[in-house]
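Since the structure comes first, as structure tokens, the remarks are kept for the end.
The values are calculated or read from the model by the stated rules, or taken from the named source; none is laboratory data. Just so you know, these numbers come straight off a predicted model, no measurement behind them. Neighbour counts are summed over all protein chains in view; Cβ atoms, including those assigned to glycine, are modelled from backbone coordinates with ideal geometry.
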Amino acid sequence: FRGEMDPTHSWLEALPKELVRSRPILCLAYAWFTLWNPPYSSEQAEHWLRDTERALTAQSQDTDKPDGPDRTMYDLATDHAVTLRAVLARFRGDAPQTVIDLSHHALDRLPEDDRGEDNLMLRGLLALNLGRAYLALGDVAAAADDIPQALSCYEKSLAHYRALEDDFNPSATLSKLAEMYRLLGQPERAIQAARQSLDQHLIP
């Protein structure tokens, strides 16, 4: 999530596939990689997400045993899986309302405490996901009630990424904020967000 996709992928490729499929976190790393890197395969991401869900199901019966999987890692993997399910729905072009429902489902299961790094990152992804889904609901007139909600989602997303000192994701959020401000008839704020997005791209 900080742009270290290629070395992570090379490490995953060095492991036996059956070992990877038995570990939800490793399956998730493959899923995120295939979704966010060329050729951006939602089909492969779906494949690895299903392997993740199968591995989580297999582990669910053992998480409360003294020698079972660590509960924190199990919960973290589950948080990532439900978030990825929502993001994947948007990448596949599912109906915007489906994306919205899946995103809210994922947000509802995330911890209330925003201080955890993974929690902040996942909340940022889901806020961005919601914003794009609200925007896709229809034309400006029909979606007038949803635009302020989408704007709120994008603003939360940007706040989450900045809290993480993340230089990788904010430019996408800022560009979408610019689009939302334009639709709301706030050109000055749209220009400001667009300039910030450009500045983010130029960070060495």
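Report whether or not Ala172 is modelled with pLDDT of 85 or more and touching a Ser or Thr at 6+ places or on another chain (Cβ under 9 Å). No: the conditions fail for Ala172.
Pairs linking a residue in segment 54-77 that is at pLDDT 75 or above to a residue that is not in a helix (DSSP H, G or I), with Cβ atoms under 7 Å and 6 or more positions apart or on different chains, are Ala55/Ser22; Ala55/Arg23; Gln59/Pro69; Tyr74/Thr63.
In segment 164-203, the residue that is surrounded by the fewest Cβ atoms within 10 Å (Cβ to Cβ) out of those that are under 16 Å from the mean Cα position of the chain (by Cα), touching a residue at least 40 places away in the same chain (Cβ under 8 Å) and part of a helix (DSSP H, G or I) is Ala172. Take Ala106 and tell me if it is hydrophobic (A, V, I, L, M, F, W, C), part of a helix (DSSP H, G or I) and over 12 Å from Leu28 (Cβ atoms). So Ala106 passes the test.
Every residue in segment 121-169 that is modelled with pLDDT of 80 or more and over 30 Å from Gly185 (Cβ atoms), please. Hits for segment 121-169 are Met121, Leu122.
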